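Have a look at the structure below before the remarks.
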Amino acid sequence: MIIALGCDHGGFEHKNAILKHLEEKGFTVKDFGIYENVSVDYPDIAAKVCESIQNGECQLGILVCGTGIGMSIAANKIKGIRCALCPSKEIAALTKQHNNANVIALGGRFTSFEDAKDIVDSYMNATFEGGRHQRRVDQIMAIEAGTFEA
Ligand code: RB5
């Protein structure tokens with residue numbers, strides 16, 4: 001499994017800390033940048049990370065911008081992506097368990113480095129529960145596909 005990682009200038013230090021943390025834990029990570037702390041447009045990075053999941057190169061993604069909001073909005077425009085903004089480790093676990101989120105977004109300006117590592121660990125350690133949650137995820141995907149009937 002390969003984890004896709006990306007950030008804008010609002011999450012540069014966090015992205016690097018998460019990269020180091022995941023690699024120390026033995027995960028394979030692909031870093032989609034940014035590679036120096038310069039101002040960039042977060043949709044560009046969100047698209048790169050999410051397209052790598054869409055095309056099967058990577059399986060999960062982690063995005064960091066200032067609030068996590070821009071990254072999560074952009075990511076959720078990409079077919080097949082379920083991205084959750086995670087302000088806590090509890091939310092990070094729940095979004096894997098219930099929503100089978102394949103991408104999480106963090107707010108670098110509102111999350112400590114320690115909390116960011118805890119959030120990532122919690123997300124990686126959690127498992128999708130299926131069952132009634134599978135039905136709901138299927139409904140989300142049907143909304144995306146334009147085939148959902150309420
Ligand atoms: C960049 O200044 C900031 O807008 C971005 O990192 C993010 O917070 C957007 O949602």
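The values are calculated or read from the model by the stated rules, or taken from the named source; none is laboratory data. Keep in mind that this is a model prediction, so the values were computed, not measured. Using ideal geometry, Cβ is built from the backbone for each residue, glycine included, and neighbour counts are taken over all protein chains shown. Surface areas here come from the heavy atoms of the whole protein model, side chains and all, with no ligands, DNA or RNA. Shrake-Rupley method; radii C 1.70, N 1.55, O 1.52, S 1.80 Å.
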Would you mind giving the average projected area, over all directions, of the Cα convex hull of the chain in nm² with one decimal? 8.4
Springs between alpha-carbon pairs under 10 angstrom, Gaussian network model over the chain: which of Gly33, Gly130, Gly68 fluctuates most? Gly130
Considering the options Gly26, Met71, Gln54, tell which one lies farthest towards the positive end of the dipole of the stretch 1-98, charges being +1 on Lys and Arg and -1 on Asp and Glu at the Cβ, about the Cα centre. Gln54
Pick out, from Ser88, Gly107, Val40, the residue whose Cα sits farthest towards the positive end of the charge dipole of the chain, with +1 on the Cβ of Lys and Arg and -1 on the Cβ of Asp and Glu. Ser88
Ignoring ligands, DNA and RNA, what percent of the 1.4 Å accessible area of the chain is carbon and sulfur? 51
If only Cα atoms are counted, what is the Rg of the stretch 87-150, and what is its Dmax, in Å? 13.9, 43
Measuring with a 1.4 Å probe in the full set of protein chains, what accessible area per residue, in whole Å², belongs to the chain? 50
Relative to the first principal axis of the alpha-carbon coordinates of the chain, what is the inclination of helix 132-145, with its axis defined by its Cα atoms, in degrees from 0 to 90 and to the nearest 10? 80
Test of understanding: given the chain, find the longest segment containing no GluC sites (Glu not before Pro) that are in a DSSP loop and have at most 13 other Cβ atoms within 10 Å. 58-128
